[in-house]
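Before any comments, here is the structure.
The values are calculated or read from the model by the stated rules, or taken from the named source; none is laboratory data. For clarity, every value in this text was computed on a predicted model and none was experimentally measured. Backbone-built Cβ (ideal geometry, glycine too); neighbour counts: all protein chains shown.
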Amino acid sequence: EYQDELHDEL
Amino acid sequence: MNIFRLAGDVCHLVAIIILLLKIWRSRSCAGISGKSQVLFAIVFTTRYLDLFTVFISPYNTIMKVVFLALSYATVYLIYMRFRNTFNSENDSFRLEFLLVPVIGLSFLENYAFTPLEILWTFSIFLESVAIMPQLFMITKTGEAESITTHYLFFLGLYRALYIANWVWRYHTEGFFDQIAVVSGVVQTIFYIDFFYLYVTKVLRGRGKMTLP
(Lines give C-alpha, C1' and ligand atoms only; values in the text may rest on other atoms or scores of the structure.)
Protein backbone atom coordinates (compact mmCIF):
# COMPACT_ATOMS: atom_id res chain seq x y z
CA GLU A 1 0.00 0.00 0.00
CA TYR A 2 1.09 3.53 -0.64
CA GLN A 3 2.80 5.06 2.38
CA ASP A 4 1.39 8.44 3.44
CA GLU A 5 1.92 9.94 -0.01
CA LEU A 6 5.62 10.52 0.56
CA HIS A 7 7.11 11.31 -2.82
CA ASP A 8 10.84 10.85 -2.52
CA GLU A 9 11.61 11.07 -6.24
CA LEU A 10 12.19 14.26 -8.17
CA MET B 1 18.88 6.16 -4.16
CA ASN B 2 20.29 4.00 -6.90
CA ILE B 3 22.59 4.64 -9.84
CA PHE B 4 19.74 4.88 -12.39
CA ARG B 5 17.93 7.52 -10.45
CA LEU B 6 21.07 9.52 -9.75
CA ALA B 7 22.08 9.32 -13.42
CA GLY B 8 18.52 10.28 -14.39
CA ASP B 9 18.56 13.35 -12.16
CA VAL B 10 21.98 14.34 -13.47
CA CYS B 11 20.73 14.05 -17.10
CA HIS B 12 17.71 16.15 -16.18
CA LEU B 13 19.99 18.80 -14.72
CA VAL B 14 22.34 18.65 -17.72
CA ALA B 15 19.38 19.11 -20.10
CA ILE B 16 18.15 22.20 -18.26
CA ILE B 17 21.66 23.69 -18.09
CA ILE B 18 22.28 23.03 -21.81
CA LEU B 19 19.12 24.97 -22.67
CA LEU B 20 19.93 27.83 -20.32
CA LEU B 21 23.51 28.11 -21.63
CA LYS B 22 22.32 27.95 -25.24
CA ILE B 23 19.99 30.88 -24.68
CA TRP B 24 22.50 32.84 -22.63
CA ARG B 25 25.49 32.37 -24.95
CA SER B 26 23.63 32.93 -28.24
CA ARG B 27 21.56 35.76 -26.69
CA SER B 28 18.62 34.12 -28.43
CA CYS B 29 15.81 31.72 -27.70
CA ALA B 30 15.05 31.04 -31.36
CA GLY B 31 13.63 27.56 -31.87
CA ILE B 32 12.75 27.14 -28.18
CA SER B 33 9.13 26.72 -27.14
CA GLY B 34 8.44 29.16 -24.32
CA LYS B 35 5.20 27.31 -23.67
CA SER B 36 7.03 24.07 -22.88
CA GLN B 37 9.31 25.94 -20.51
CA VAL B 38 6.36 27.58 -18.75
CA LEU B 39 4.77 24.13 -18.37
CA PHE B 40 7.98 22.75 -16.83
CA ALA B 41 8.08 25.67 -14.38
CA ILE B 42 4.46 24.86 -13.43
CA VAL B 43 5.40 21.17 -13.09
CA PHE B 44 8.22 21.92 -10.63
CA THR B 45 6.16 24.47 -8.71
CA THR B 46 3.18 22.19 -8.15
CA ARG B 47 5.28 19.09 -7.43
CA TYR B 48 7.74 20.64 -5.00
CA LEU B 49 5.22 22.26 -2.67
CA ASP B 50 6.20 19.47 -0.27
CA LEU B 51 9.41 21.45 0.33
CA PHE B 52 7.29 23.20 2.95
CA THR B 53 5.73 20.09 4.50
CA VAL B 54 8.26 17.22 4.57
CA PHE B 55 12.01 16.87 4.67
CA ILE B 56 13.38 13.88 2.74
CA SER B 57 17.12 14.49 2.40
CA PRO B 58 19.56 17.35 1.76
CA TYR B 59 19.98 15.99 -1.81
CA ASN B 60 16.23 16.05 -2.38
CA THR B 61 15.81 19.59 -1.05
CA ILE B 62 18.80 21.03 -2.92
CA MET B 63 17.80 19.45 -6.24
CA LYS B 64 14.23 20.71 -5.90
CA VAL B 65 15.39 24.26 -5.24
CA VAL B 66 17.89 24.09 -8.14
CA PHE B 67 15.27 22.78 -10.60
CA LEU B 68 12.82 25.49 -9.54
CA ALA B 69 15.39 28.26 -9.83
CA LEU B 70 16.69 27.10 -13.23
CA SER B 71 13.23 26.64 -14.71
CA TYR B 72 12.18 30.15 -13.66
CA ALA B 73 15.46 31.55 -14.98
CA THR B 74 14.75 29.90 -18.36
CA VAL B 75 11.25 31.36 -18.52
CA TYR B 76 12.64 34.76 -17.55
CA LEU B 77 15.24 34.66 -20.34
CA ILE B 78 12.65 33.64 -22.94
CA TYR B 79 9.83 36.02 -22.07
CA MET B 80 11.72 38.99 -20.62
CA ARG B 81 15.41 39.29 -21.37
CA PHE B 82 15.51 37.87 -24.91
CA ARG B 83 11.84 38.14 -25.82
CA ASN B 84 12.63 39.93 -29.11
CA THR B 85 14.29 36.70 -30.35
CA PHE B 86 11.37 34.49 -29.34
CA ASN B 87 9.41 33.00 -32.29
CA SER B 88 5.99 33.26 -30.74
CA GLU B 89 4.24 32.68 -34.08
CA ASN B 90 5.75 29.18 -34.27
CA ASP B 91 5.05 28.45 -30.60
CA SER B 92 1.38 28.06 -31.36
CA PHE B 93 0.46 24.87 -29.51
CA ARG B 94 -2.88 25.30 -27.76
CA LEU B 95 -2.16 24.77 -24.06
CA GLU B 96 -5.80 24.23 -23.14
CA PHE B 97 -5.67 20.94 -25.04
CA LEU B 98 -3.12 19.74 -22.49
CA LEU B 99 -4.25 21.57 -19.37
CA VAL B 100 -7.93 20.68 -19.42
CA PRO B 101 -7.47 16.88 -19.64
CA VAL B 102 -4.53 16.95 -17.20
CA ILE B 103 -6.48 18.94 -14.59
CA GLY B 104 -9.47 16.65 -15.04
CA LEU B 105 -7.41 13.46 -14.72
CA SER B 106 -5.58 14.63 -11.62
CA PHE B 107 -8.92 15.09 -9.85
CA LEU B 108 -10.11 11.64 -10.95
CA GLU B 109 -7.00 9.55 -10.43
CA ASN B 110 -4.89 10.34 -7.37
CA TYR B 111 -3.58 8.75 -4.18
CA ALA B 112 -5.55 11.04 -1.86
CA PHE B 113 -8.11 13.75 -2.46
CA THR B 114 -6.10 16.49 -0.77
CA PRO B 115 -4.84 19.73 -2.35
CA LEU B 116 -1.15 18.74 -2.19
CA GLU B 117 -1.77 15.26 -3.59
CA ILE B 118 -3.95 16.54 -6.42
CA LEU B 119 -1.28 19.12 -7.30
CA TRP B 120 1.43 16.43 -7.15
CA THR B 121 -0.62 14.20 -9.48
CA PHE B 122 -1.29 17.18 -11.76
CA SER B 123 2.48 17.81 -11.97
CA ILE B 124 3.20 14.19 -12.88
CA PHE B 125 0.56 14.15 -15.63
CA LEU B 126 1.57 17.59 -16.89
CA GLU B 127 5.27 16.65 -17.06
CA SER B 128 4.41 13.72 -19.29
CA VAL B 129 3.00 16.06 -21.96
CA ALA B 130 4.92 19.30 -21.27
CA ILE B 131 7.40 18.73 -24.10
CA MET B 132 4.64 18.57 -26.71
CA PRO B 133 4.68 22.31 -27.59
CA GLN B 134 8.45 21.99 -28.22
CA LEU B 135 8.05 18.90 -30.41
CA PHE B 136 5.13 20.59 -32.18
CA MET B 137 7.29 23.62 -32.89
CA ILE B 138 10.04 21.43 -34.40
CA THR B 139 7.47 19.65 -36.56
CA LYS B 140 6.02 22.98 -37.67
CA THR B 141 9.33 24.60 -38.62
CA GLY B 142 10.76 21.29 -39.84
CA GLU B 143 14.12 21.79 -38.17
CA ALA B 144 15.94 22.18 -34.87
CA GLU B 145 19.38 23.49 -34.02
CA SER B 146 21.67 20.71 -32.84
CA ILE B 147 21.97 22.27 -29.38
CA THR B 148 18.18 22.05 -29.02
CA THR B 149 18.33 18.39 -30.00
CA HIS B 150 21.04 17.75 -27.34
CA TYR B 151 18.67 19.28 -24.81
CA LEU B 152 15.86 16.98 -25.92
CA PHE B 153 18.20 13.99 -25.94
CA PHE B 154 19.21 14.50 -22.28
CA LEU B 155 15.60 15.08 -21.31
CA GLY B 156 14.62 11.79 -22.97
CA LEU B 157 17.58 9.99 -21.39
CA TYR B 158 16.45 11.23 -17.98
CA ARG B 159 13.05 9.67 -18.57
CA ALA B 160 14.50 6.37 -19.79
CA LEU B 161 16.79 6.18 -16.73
CA TYR B 162 13.82 6.77 -14.45
CA ILE B 163 12.15 3.72 -15.93
CA ALA B 164 15.29 1.68 -15.18
CA ASN B 165 15.14 3.14 -11.65
CA TRP B 166 11.54 1.93 -11.22
CA VAL B 167 12.40 -1.56 -12.44
CA TRP B 168 15.28 -1.60 -9.96
CA ARG B 169 13.15 -0.29 -7.08
CA TYR B 170 10.38 -2.75 -7.82
CA HIS B 171 12.78 -5.68 -7.57
CA THR B 172 14.83 -4.44 -4.61
CA GLU B 173 12.25 -2.55 -2.48
CA GLY B 174 8.91 -3.70 -3.85
CA PHE B 175 8.30 -0.03 -4.63
CA PHE B 176 5.70 0.70 -7.31
CA ASP B 177 4.26 4.18 -7.82
CA GLN B 178 1.53 3.52 -10.36
CA ILE B 179 0.77 7.12 -11.30
CA ALA B 180 4.44 8.03 -11.78
CA VAL B 181 5.27 4.84 -13.67
CA VAL B 182 2.35 4.96 -16.11
CA SER B 183 2.86 8.67 -16.88
CA GLY B 184 6.61 8.16 -17.07
CA VAL B 185 6.25 5.42 -19.65
CA VAL B 186 3.84 7.55 -21.71
CA GLN B 187 6.27 10.46 -21.52
CA THR B 188 9.21 8.34 -22.63
CA ILE B 189 7.27 7.12 -25.67
CA PHE B 190 7.07 10.74 -26.94
CA TYR B 191 10.86 10.77 -27.15
CA ILE B 192 11.34 7.52 -29.09
CA ASP B 193 10.66 9.04 -32.50
CA PHE B 194 12.93 11.93 -31.63
CA PHE B 195 15.71 9.55 -30.45
CA TYR B 196 15.63 7.86 -33.82
CA LEU B 197 16.04 11.18 -35.65
CA TYR B 198 18.73 12.30 -33.21
CA VAL B 199 20.88 9.23 -33.81
CA THR B 200 20.36 9.08 -37.57
CA LYS B 201 20.66 12.82 -38.29
CA VAL B 202 22.40 14.75 -35.52
CA LEU B 203 25.04 12.25 -34.40
CA ARG B 204 25.97 11.49 -37.99
CA GLY B 205 27.10 15.06 -38.30
CA ARG B 206 24.99 17.92 -39.57
CA GLY B 207 24.52 21.23 -37.92
CA LYS B 208 20.78 21.08 -37.80
CA MET B 209 18.19 18.40 -37.54
CA THR B 210 15.79 18.63 -40.45
CA LEU B 211 12.72 16.51 -40.64
CA PRO B 212 12.31 14.16 -43.60
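Key figures for this structure:
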quantity	calculated
In region B:1-45, residue nearest to the other protein chains (Cβ to nearest Cβ) [restricted to those that are of a type in the set (Gly, Ala, Ser) and closer than 20 Å to B:Pro133 by Cα]	B:Ala15
Residue, farthest from B:Pro212 (Cα to Cα), within region B:150-168, restricted to residues that are surrounded by fewer than 19 Cβ atoms within 10 Å (Cβ to Cβ) and touching a Phe, Trp or Tyr at 6+ places or on another chain (Cβ under 7 Å)	B:Trp168
Residues (basic (Lys, Arg) and either part of a helix (DSSP H, G or I) or closer than 15 Å to B:Thr149 by Cβ (or both)) located in region B:2-40	B:Arg5, B:Lys22, B:Arg25, B:Lys35
Filter result (over 15 Å from B:Ser183 (Cβ atoms), buried (at least 17 other Cβ atoms within 10 Å of the Cβ) and among the small types (Gly, Ala, Ser)) within region B:109-145	B:Ala144
Within region B:164-183, considering residues that are within 11 Å of chain A (Cβ to nearest Cβ) and among the β-branched types (Val, Ile, Thr), the one farthest from B:Gly8 (Cα to Cα)	B:Ile179
Meets criteria (within 13 Å of another protein chain (Cβ to nearest Cβ) and at pLDDT 95 or above) for B:Tyr48	yes
Helices (runs of 4 or more DSSP H) completely within region B:53-163 that count 2 or more residues being away from chain A (no Cβ under 14 Å) and modelled with pLDDT under 95	B:132-141
